[in-house]
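Structure record follows, encoded as structure tokens.
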């Protein structure tokens, strides 16, 4: 919007370069801004809308209609207009989720307050309470699930009186006693995408390499198995050990051992989750004269670092920015619900894409 106000018009290509997004994302954002009365779309870009200041009430109504909300004028977006966000970290994977949430918050006039829980040993419930002390109108939460069976954050969420949306996490049945929305990637679909792609390339013995403590490990493996089993091919699961902390030397050593084991099992393709495992596998293969993809095809899962690898990695890419964007939209709908009728809990699942590069 700053660029538009400065120039009076912007090209779609300028938007893509400025905010580092795809064409479809840029078009979606321009469409939302147009529905809110912020700009007017034209062929190849957008122009400013005249007399914006005089249309405050109209702009509010356009925002309401655009989001399909029914609100009253005294409590349009909650008491503070603030949404708390608790994520494991600002970096890998979650940076894109945060970017999508920030973009949606800016478009809809909400303020985003960030809390991080980068250490799995940190009591996330404490961070959660800190956000609640800020009197937020809603919470977006992605609990650290490295310690299986640790349900303290889920227990803490049971007692909050504001809308909650889980990011990339599903609500366990034992904690489904209150309305908690969720926005997740369909990681089983991502596993199927990778499996079908490798089958189309002629591979019949395909391995899955990753850390079982990851909440996405099981759904990705399930999707891969579905695709491979349906074709009568073979899946070789090779789980890696998690030490309760990031230990690059140990992880690298495990992947070196995995490569030797998979070669002995005549595996010709590997799906690695996350990107880190795929990068270690490339290094191990290079050191041992294993050619990628001629001797071993490699697909990575997450697509955070894959494009910068040598060779560039084919990757399954979850719609990370759309996760954050959609979560804010769900929050806004919850905040605006003031009437007595119960409202259905929403569990939104977004489909990952397969980005084909050089590794398989």
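Laid out as a table, the results:
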quantity: Selection count, the stretch 287-319, where residues are under 19 Å from residue 217 (Cβ atoms), modelled with pLDDT under 95 and not in a loop (DSSP other than H, G, I, E, B); calculated: 1
quantity: Test for residue 284: is it within 22 Å of residue 353 (Cβ to Cβ), modelled with pLDDT of 95 or more and surrounded by 16 or more Cβ atoms within 10 Å (Cβ to Cβ); calculated: no
quantity: Options 317, 344, 308; residue that is over 19 Å from the mean Cα position of the chain (by Cα) and within 29 Å of residue 236 (Cβ to Cβ); calculated: 308
quantity: Test: residue 219 is outside the structural domain of residue 96 (by TED's automatic domain parsing), in contact with a strand residue (DSSP E or B) (Cβ under 6 Å, 6 or more places away or on another chain) and modelled with pLDDT of 85 or more; calculated: no
quantity: Selection status of residue 171, modelled with pLDDT of 85 or more and either crowded, with 20+ Cβ neighbours inside 10 Å or within 21 Å of the chain's Cα centre (by Cα) (or both); calculated: no
quantity: Criterion violated by residue 266 - all others in (1) in a helix (DSSP H, G or I); (2) exposed (fewer than 15 other Cβ atoms within 10 Å of the Cβ); (3) touching a residue at least 12 places away in the same chain (Cβ under 8 Å) satisfied; calculated: (1)
quantity: Members of the stretch 123-149 found to be part of a loop (DSSP other than H, G, I, E, B), out of contact with any helix residue (DSSP H, G or I) (no Cβ under 9 Å at 6 or more places or on another chain) and at pLDDT 75 or above, listed by number; calculated: 134, 135, 136
quantity: Members of the stretch 201-216 found to be at pLDDT below 95 and either out of contact with any helix residue (DSSP H, G or I) (no Cβ under 7 Å at 6 or more places or on another chain) or surrounded by fewer than 16 Cβ atoms within 10 Å (Cβ to Cβ) (or both), listed by number; calculated: 212, 213, 214, 215
quantity: Test: residue in the stretch 177-192 that is modelled with pLDDT under 90 and on the phi > 0 side of the Ramachandran plot; calculated: no
quantity: Among (1) modelled with pLDDT of 70 or more; (2) in a loop (DSSP other than H, G, I, E, B); (3) crowded, with 20+ Cβ neighbours inside 10 Å - the single one residue 77 does not satisfy; calculated: (1)
quantity: Filter result for the condition that a residue is in contact with a helix residue (DSSP H, G or I) (Cβ under 7 Å, 6 or more places away or on another chain) and exposed (fewer than 15 other Cβ atoms within 10 Å of the Cβ), over 351, 313; calculated: 351
quantity: Complete set of residues in the stretch 1-34 that are modelled with pLDDT under 70 and surrounded by fewer than 15 Cβ atoms within 10 Å (Cβ to Cβ); calculated: 1, 2, 3, 5, 6, 7, 8, 17, 18, 19, 20
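The values are calculated or read from the model by the stated rules, or taken from the named source; none is laboratory data. The structure presented is a predicted model; accordingly, all values stated were derived computationally and were not measured. Neighbour counts are summed over all protein chains in view; Cβ atoms, including those assigned to glycine, are modelled from backbone coordinates with ideal geometry.
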